[in-house]
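Inspection log for the structure reproduced underneath, given as structure tokens.
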Amino acid sequence: MMNKLGWYTLLIAMCGDLLFSLILSFGYKGYSNLKMSISALGNPNSPVRVPFNIWMIIEGILFLVSIPFFIKAYQPVSRGLTITIAIFIGLFAVGACIFTGFFSVNETKDVVTTASKIHGAGSTIGFMLFLFVPLLAGILCFKDQDKVLGLICIICFIISFIFFVLFVMSDKPAFANTIISYEGLWQRLNLLFMYAPLAIMAIKRIL
């Protein structure tokens, strides 16, 4: 059990990111999973701010705990790729998770504070780096002679990249009142396909 602990924490972090935010959204009147970002659950006016922020810190820690296990498992395949992926996961854990727990966004993007600026910088860096984890994981799997999982990783990277672009475009005035403005939807789908390769890798290690 202990030698698989990191794989369990990795799965819990990724599944919890999507599921816990969905559960909390039911306690926030007026919140839309389709139109609002996940981090909006932690804004100062949110009735679920405290449990959300606590969870984000825990989520970041769970990601960090998984890193040594990932390195141990894949370092023999390619040290460079493994360390790079580990660094990207670590920066995502700190910038997009732990920072979110301590530095909240505001209910609307029109209100800018020091906390929201720190959150924005950390989240942007974390997401941009983690976006390439499926691609790097795919190359790693090909090196490990796991061509099926490698192909799955590459496909997930392409799909997640498309959803990331839609997520970035969602708050542009030109796309207001169109399906592209569904910020929450694109963010969740982006996360789903970013997480999928690591989730499959974790499940294979656990089983």
Can you name the residue in the range 125-147 that is within 12 Å of the chain's Cα centre (by Cα) and in a loop (DSSP other than H, G, I, E, B) and is also nearest to Ile83 (Cα to Cα) among such residues? Phe132
Confirm whether Ala115 is surrounded by fewer than 22 Cβ atoms within 10 Å (Cβ to Cβ) and in contact with a Ser or Thr (Cβ under 9 Å, 6 or more places away or on another chain). yes
Looking at Phe99, Phe69, which one is in contact (Cβ under 8 Å) with a residue 12 or more places away in the chain and either surrounded by 22 or more Cβ atoms within 10 Å (Cβ to Cβ) or touching a Cys at 6+ places or on another chain (Cβ under 7 Å) (or both)? Phe99
Considering residues of the range 47-65 that are more than 10 Å from Gly101 (Cα to Cα) and part of a helix (DSSP H, G or I) only, the residue farthest from the chain's Cα centre (by Cα): Val65
Per-region count, the range 158-176, residues surrounded by fewer than 18 Cβ atoms within 10 Å (Cβ to Cβ) and not in a helix (DSSP H, G or I): 3
Determine which single condition Leu198 fails, assuming it passes every other condition in (1) part of a helix (DSSP H, G or I); (2) surrounded by fewer than 20 Cβ atoms within 10 Å (Cβ to Cβ). (2)
Is there a residue in the range 177-186 that is within 17 Å of Gly42 (Cβ to Cβ) and either in a helix (DSSP H, G or I) or in contact with a Pro (Cβ under 8 Å, 6 or more places away or on another chain) (or both)? yes
Determine the pairs where a residue that is without any contact (Cβ under 8 Å) to a residue 60 or more places away in the chain, located within the range 179-207, has a partner that is not in a helix (DSSP H, G or I) with Cβ atoms under 7 Å apart, the partner being 6 or more residues away or on another chain. Ile180/Ser170; Trp186/Ser170
For the range 22-66, which positions are among the polar types (S, T, N, Q) and touching a residue at least 40 places away in the same chain (Cβ under 8 Å)? Ser32, Asn33, Ser37, Ser39, Asn43, Asn45, Ser46, Asn53, Ser66
Only one of these is closer than 19 Å to Leu24 by Cα and over 17 Å from the mean Cα position of the chain (by Cα): Pro44, Pro68, Pro76. Name it. Pro44
Positions within the range 33-56 being over 18 Å from Leu191 (Cβ atoms) and β-branched (Val, Ile, Thr), in sequence order: Val48, Val50, Ile54
If the requirement is being more than 15 Å from the chain's Cα centre (by Cα), under 18 Å from Asp17 (Cα atoms) and either assigned to a helix (DSSP H, G or I) or of a type outside the set (Gly, Ala, Ser) (or both), which of these qualifies: Ile118, Ile203, Ile155? Ile203
Restricting attention to the range 80-100, does a residue exist that is polar (S, T, N, Q) and modelled with pLDDT under 95? yes
Can you pull out the residues in the range 25-39 that are in contact with a Phe, Trp or Tyr (Cβ under 7 Å, 6 or more places away or on another chain) and not in a loop (DSSP other than H, G, I, E, B)? Ser25
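The values are calculated or read from the model by the stated rules, or taken from the named source; none is laboratory data. Bear in mind the structure is a predicted one, so any value in this text is a computation, not a measurement. Neighbour counts are summed over all protein chains in view; Cβ atoms, including those assigned to glycine, are modelled from backbone coordinates with ideal geometry.
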